[in-house]
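Presented below is the structure to which this report refers.
The values are calculated or read from the model by the stated rules, or taken from the named source; none is laboratory data. All values derive from a computational prediction rather than experimental measurement. Virtual Cβ from ideal backbone geometry, glycine too; neighbours counted across all protein chains shown.
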Amino acid sequence: RCQTLVQPTDAPIARSLKARACGITFHLFPKTRKMRREWELALRRDSFVASDRTLLCSEHFRSEDFDRTGQNVRLKDGVVPNIFNFPAHLQRLVATRSTTTSRRVEDNLRMDLSQDVPQPDVAIKARLEEASASEWKLQREKSNALRREKRAKMNMQVLLEELKEKNLIN
C-alpha cells in the first residue's frame, strides 16, 4: 500500500528496498511555486503545504508521465499527480459522451490508430533498457581502467626518475 506523502523523517523507511523492488519511485514536489501549488491541490488535503523535502510516490502518476530514457526515472515537465484512491464523495465524475455519433467516431478512430501505429513490444523495450544500462556500466568500467593505467604509468615514470637521480639505474 502506498503512503501518499513522505516527509523527510519517513524517507528512509518509504524508500526501502521493498518499495524499489516493486518499481515504486519517489519524487520531490516541484520547486516552482505554481507547479507546487497544483500538486498540493491535486492531493485534496485541507491546508496542506509541502516542504522542500516532501515526496510523492510514482503510483500517483500515469506511466506516460515518466521520462525513463536515462538511468534515473524522472517526471516530465508540467506533470501533475492524478491517480488517487479518494473516497466516493471526493471523487470527480468524468463526463463521457454517449451519443451514437461520438461512439461511432471513437470506434473508427481507435481502429485507425491501431492499424497505423505498431504497438511497442514491452519485452523488447525492457531488453533495450537493460542493454543500455549494461553499456553505460561497461563504459564506466573502461574509463576507470584507463585512469588506473594512466596513474600507474605516471607512478612508474616518477619512480624511474628517482632511481636515475640516485644513480641506481642508467
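Out of region 44-74, which residues are buried (at least 16 other Cβ atoms within 10 Å of the Cβ) and in a helix (DSSP H, G or I)? Within region 44-74, S58, E59, H60, D65 qualify. For E106, the stated conditions do not hold, so it cannot be described as out of contact with any strand residue (DSSP E or B) (no Cβ under 8 Å at 6 or more places or on another chain), over 19 Å from G23 (Cα atoms) and at pLDDT 90 or above.
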